[in-house]
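Below is one structure, written out as C-alpha cells; the observations come after it.
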Amino acid sequence: MTEQELQQLRREKWHLDGCPIRTLEDARSFLEQVGFCIMYPHTPAILVPTFIGAWAGSDDKLPTWQHAFADSRAQQATDLMVRLLRERDAYEANRFDDNNAFLVAGSIFPYFYALIGERNPKHVPEPGHRSEYSQLACDAFELIRRAGPISKQKMREMLGGSVSIAALDRALGELGAKLRISRVDYNPREGSFWDVLYRWAPDAVHEGMNLSVGEALSALLSKYLDCVIAADQQELDNFFGNFVPRSRVKESVNVLLNARELEYIRVGNRSLVQVTTAQVTSHSIAPAQK
C-alpha cells in the first residue's frame with residue numbers, strides 16, 4: 001500500500017470524499033463505523049476523524065473550536081451532534097480539550113468507561129490534597145446528582161452567583177474527565193444540560209465497570225486501527241496515551257501482535273500496524289445494551 005492509498009481509504013471512511021453526513025441516521029452510522037471522533041481539528045494534530053469534517057464532507061478549511069462561532073457549518077454540525085447525545089447514540093469522553101468534544105459511539109462507550117471511569121460511580125467525590133477534584137467540582141457533582149439534568153446556567157445560580165463561568169467550566173471538566181457526569185442536552189437559551197452518568201446511562205456504566213482495563217484496551221486498539229486503517233506506535237501512543245500509560249499501550253499492541261490479531265504492513269517507507277486481514281470482517285465489539 002502506498003501513503004496516497006492509505007490517505008484515500010481514510011478519506012472515504014471519514015466522509016471527507018464529498019459524501020457528507022446530514023441526517024441522524026447518517027451521523028449514527030458514521031460514528032458506529034469509526035468508533036470515535038473529535039468535533040473539530042485538534043492542535044497538535046491527532047490521528048482521528050472529525051465530526052465537522054464528516055458533516056462538511058471535506059477537510060478543506062475546517063474551523064477549530066476557537067473559530068467555530070464564525071463558521072455556519074459548526075452550528076449545524078453541533079445540532080446534529082446534540083441529537084446523538086440525546087439519543088445516547090454518542091457519549092462525550094473529553095480527554096483532549098474540554099472545548100473540543102471527543103465523541104464515542106454508544107456501542108463501544110463501555111470500553112472507554114473501563115479505561116477511565118470510576119469503579120464506584122455513585123460515590124460522592126471529596127476534595128483534599130490527594131483528591132482529583134476541587135471543592136467546586138464536588139459541590140457541582142452533588143448538585144447535579146440531586147437536581148440533574150440541569151443547565152450550566154441554573155447550576156451557577158444554585159451554586160452562588162459569585163461562581164465564574166470559567167471556574168464552573170473547570171469543575172465540570174474535572175468531573176467529565178473521569179466520566180462522572182455527561183452533557184445530555186443543549187438549547188440556545190439555557191446552554192448545556194448535565195446529568196450524572198450512572199443515571200443517564202446505567203447499562204453502559206454497569207457494563208464498563210465489569211470490564212478489565214486489558215480487555216477494554218485490546219478491543220479499542222482494534223477498533224481504532226479499523227478506523228484509521230493502519231498506524232505506527234507513535235500514533236497509537238498519541239491517541240491512547242490520553243487514557244492509559246503509554247507503556248500499557250505498547251504492551252497491549254505486542255500481545256495482539258503475538259496473538260496474530262494485529263499485523264505489520266508496509267506503507268511507503270513506514271512499517272505500520274493494522275488489524276490482521278482475516279480479522280477485519282470477523283472482529284467486532286459487542287454493543288452495549290441500551
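Find the helices (runs of 4 or more DSSP H) located wholly in the stretch 115-201 whose residues include 1 or more that are aromatic (Phe, Trp, Tyr), in contact with a Ser or Thr (Cβ under 7 Å, 6 or more places away or on another chain) and within 30 Å of residue 245 (Cβ to Cβ), and list them.
Working: elements: 135-147, 152-159, 165-177, 197-200.
It comes to 197-200.
Pairs are defined by a Cβ separation below 8 Å, a sequence spacing of at least 6 or placement on different chains, a first member in the stretch 75-104 that is surrounded by fewer than 17 Cβ atoms within 10 Å (Cβ to Cβ), and a second member that is among the β-branched types (Val, Ile, Thr) and modelled with pLDDT of 95 or more; the pairs so defined are 96/38. Before we move on, is residue 226 under 18 Å from residue 10 (Cα atoms), in a helix (DSSP H, G or I) and either modelled with pLDDT under 95 or out of contact with any Leu (no Cβ under 7 Å at 6 or more places or on another chain) (or both)? Yes: the conditions hold for residue 226. The conditions of being in contact (Cβ under 8 Å) with a residue 24 or more places away in the chain, part of a loop (DSSP other than H, G, I, E, B), under 19 Å from residue 48 (Cβ atoms) and in contact with a Leu (Cβ under 8 Å, 6 or more places away or on another chain) are met by residue 243. Taking the criterion of being at positive phi and at pLDDT 95 or above, the only residue of the stretch 53-78 that qualifies is 57. Scoring residue 191 on the criteria (1) within 24 Å of residue 119 (Cα to Cα); (2) within 21 Å of the chain's Cα centre (by Cα) leaves a single failure, condition (1).
Would you mind stating whether residue 165 is outside the structural domain of residue 219 (by TED's automatic domain parsing) and either in contact with a Pro (Cβ under 9 Å, 6 or more places away or on another chain) or closer than 21 Å to residue 81 by Cα (or both)?
Details: outside the structural domain of residue 219 (by TED's automatic domain parsing): yes; either in contact with a Pro (Cβ under 9 Å, 6 or more places away or on another chain) or closer than 21 Å to residue 81 by Cα (or both): no.
Considered against the rule, which asks whether it is outside the structural domain of residue 219 (by TED's automatic domain parsing) and either in contact with a Pro (Cβ under 9 Å, 6 or more places away or on another chain) or closer than 21 Å to residue 81 by Cα (or both), residue 165 comes out as no.
Out of all the residues in the stretch 192-202, is one or more under 17 Å from residue 106 (Cα atoms), in contact with a strand residue (DSSP E or B) (Cβ under 9 Å, 6 or more places away or on another chain), among the charged types (D, E, K, R) and surrounded by 15 or more Cβ atoms within 10 Å (Cβ to Cβ)? Taking every residue of the stretch 192-202 in turn, at least one turns out to be under 17 Å from residue 106 (Cα atoms), in contact with a strand residue (DSSP E or B) (Cβ under 9 Å, 6 or more places away or on another chain), among the charged types (D, E, K, R) and surrounded by 15 or more Cβ atoms within 10 Å (Cβ to Cβ).
Here the stretch 90-120 is the region considered, the condition is being of a type in the set (S, T, N, Q) and under 16 Å from residue 50 (Cβ atoms), and the residue that is modelled with the highest pLDDT is 100. Out of curiosity, is residue 170 farther than 24 Å from residue 84 by Cβ and among the charged types (D, E, K, R)? Yes, satisfied.
The values are calculated or read from the model by the stated rules, or taken from the named source; none is laboratory data. Quick caveat: nothing in here was measured; it's all calculated off a predicted structure. Cβ atoms come from the backbone with ideal geometry, glycine included; neighbour counts cover every protein chain shown.
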